[in-house]
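Step one of this worksheet: look at the structure below.
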Amino acid sequence: MFKNLPIVTRNLLVINCVVYLLQLVLEQRGTDLTASLGLHFVLADHFNPVQFVTYMFLHGSFTHLFFNMFSLWMFGRIVEQAMGTQRFIVFWLVCGIGAGLCQEMWQTGQYLAEGLYQYERVIPMGAVLDSWTTIGASGACYGVLLAFGMAYPNERIMLLIPPIPIKAKYFVVGYAAIEVVSAFTSSGNIAHFAHLGGMLFGWLAIVWWRRKARRGSTGRYGYRTTTPSGRPVTARIRAWWQRLTAPKMKVTPGGKPQTFKDRQPDYDYNSRRSREDQERIDAILLKIKQSGYQSLTDDEKRFLFTQSRK
């Protein structure tokens with residue numbers, strides 16, 4: 001089952017697990033990766049822009065790692081199949097980096113609101129602010145969750161606690177509402193604004209891709225038709241990505257608005273054409289029965305011969 005996962009989702013699962021094991025090993029030897037690769041506050045002594053990427057691969061506990069990777073396994077594989085390998089990588093990084101930016105903005109607000117800049121003359125605040133460190137792939141996972149909710153709003157998700165099914169749209173909205181409330185009421189060490197930032201930047205990425213598709217700069221609809229292994233993407237996933245990235249409305253040469261849903265799919269056209277051909281065949285056979293084969297026109301004979309070769 002693991003080897004059948006899309007390549008990016010599979011590699012992200014492996015990398016995050018390997019890095020967590022590396023954290024445990026190095027911690028036993030007195031080296032803390034969080035101190036160098038975790039996302040520090042922008043005014044801290046050990047802040048580095050590279051940390052906007054590296055922080056996503058660090059986790060504070062096994063529980064933290066498990067729930068993030070479970071979310072990635074559950075929703076990331078579906079979203080990656082729809083987006084394709086390259087676009088999913090971009091989407092993951094956009095959500096993760098965006099989550100870090102939002103967390104930095106929140107911390108900057110705290111820094112100003114609490115007046116910590118006033119203590120710069122007394123103590124070196126840069127070292128103190130090093131404790132404001134963010135780690136984890138939660139922000140990127142929340143962005144993937146949002147994409148799934150937009151794709152399958154009525155798909156039912158079975159909750160763990162309590163074990164009841166809930167539609168994806170309510171699940172996503174509920175999680176977002178909980179994060180908003182927790183961000184302003186909780187005093188724990190959970191980066192709620194990073195979670196919200198991942199969802200926000202995920203939504204912005206989808207909207208931007210939709211506008212590019214409307215301008216025709218990313219192909220007809222901007223989606224893949226095959227998985228990285230070369231197999232066709234399921235019709236359900238392909239239809240979702242069409243709805244997500246296609247222009248909502250198009251004006252025909254005659255000036256009449258035409259929505260995406262009004263465009264006739266190929267299978268509808270083929271079905272109608274097949275019925276028309278069968279009706280014509282029936283009419284020709286009836287004519288042969290009544291008047292004989294010689295009564296057919298050259299066009300009717302040619303049509304009957306062509307149909308017999310299919």
(message) Quick check: with the 1.4 Å probe, what order do Asp282, Asp130 take by accessible area, largest first?
(response) Asp282, Asp130
(message) So if I take the centroid of the Cα atoms in the stretch 1-41 and the same for the stretch 68-88, what is the distance between those two points in Å?
(response) 18 Å
(message) Leaving out ligands, DNA and RNA, and with a 1.4 Å probe, what % of the accessible surface on the stretch 7-55 is carbon or sulfur?
(response) 66 percent
(request) Would you kindly find the accessible area of Leu33, with a 1.4 Å probe and non-protein molecules such as ligands, DNA and RNA excluded, rounding to the nearest 10 Å²? (result) 30 Å²
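Could you sort Arg273, Arg77 by accessible area so the largest value comes first, with the probe set to 1.4 Å?
Arg273, Arg77
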(request) With all protein chains present, calculate the accessible area of Tyr152 using a 1.4 Å probe and round the result to the nearest 10 Å². (result) 20 Å²
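The values are calculated or read from the model by the stated rules, or taken from the named source; none is laboratory data. Every value quoted in this text rests on a predicted model; they were computed, and no experiment measured them. Accessible surface areas use protein heavy atoms only, side chains included; no ligands, DNA or RNA. Shrake-Rupley method; radii C 1.70, N 1.55, O 1.52, S 1.80 Å.
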